[in-house]
Amino acid sequence: MVVTAIYTAKPGNEAALRKIIYATARESWKESGISKYSVNEVPDRAGRFLLVAVFDSREAFNSHLNTNHVKEIVAALDGLTDGTSQVFEGDPVLTSEHIKSLL
């Protein structure tokens with residue numbers, strides 16, 4: 001399962017949002033059910049972040065949602081973001097690992 005989240009800081013909250021996103025990532029990397037977790041900042045838009053997480057299962061994702069670090073960031077998002085946050089869930093269909101096996 002892949003989850004992609006897009007968060008955009010309210011003007012003046014870029015550093016605070018970056019700090020809590022980094023803290024959440026550091027804790028998420030410790031979780032056994034997450035195989036990849038990346039934090040990306042959009043180059044031409046300071047304060048806009050794209051997070052991509054690959055979970056081993058829906059259960060691992062649900063477990064992630066119940067961690068203290070996720071609860072903390074969810075509570076902080078309303079005050080730090082501009083209200084355009086988006087979260088997408090998907091199941092991998094074709095990845096580079098699949099493509100390499102076809103060559």
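Every number here is computed from the coordinates shown, using simple stated rules; none is lab data. This one's a predicted model, so the numbers in the text were calculated from it and none came from an experiment.
What the table shows:
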read-out	value
MRE, 222 nm, helices only [DSSP H, n ≥ 4, -39500 (n - 2.57), over the chain, to nearest 500]	-12500 deg cm²/dmol
Matching label, volume of the Cα convex hull per residue in Å³ computed from the structure shown, candidates (1) 228; (2) 194; (3) 108	(3)
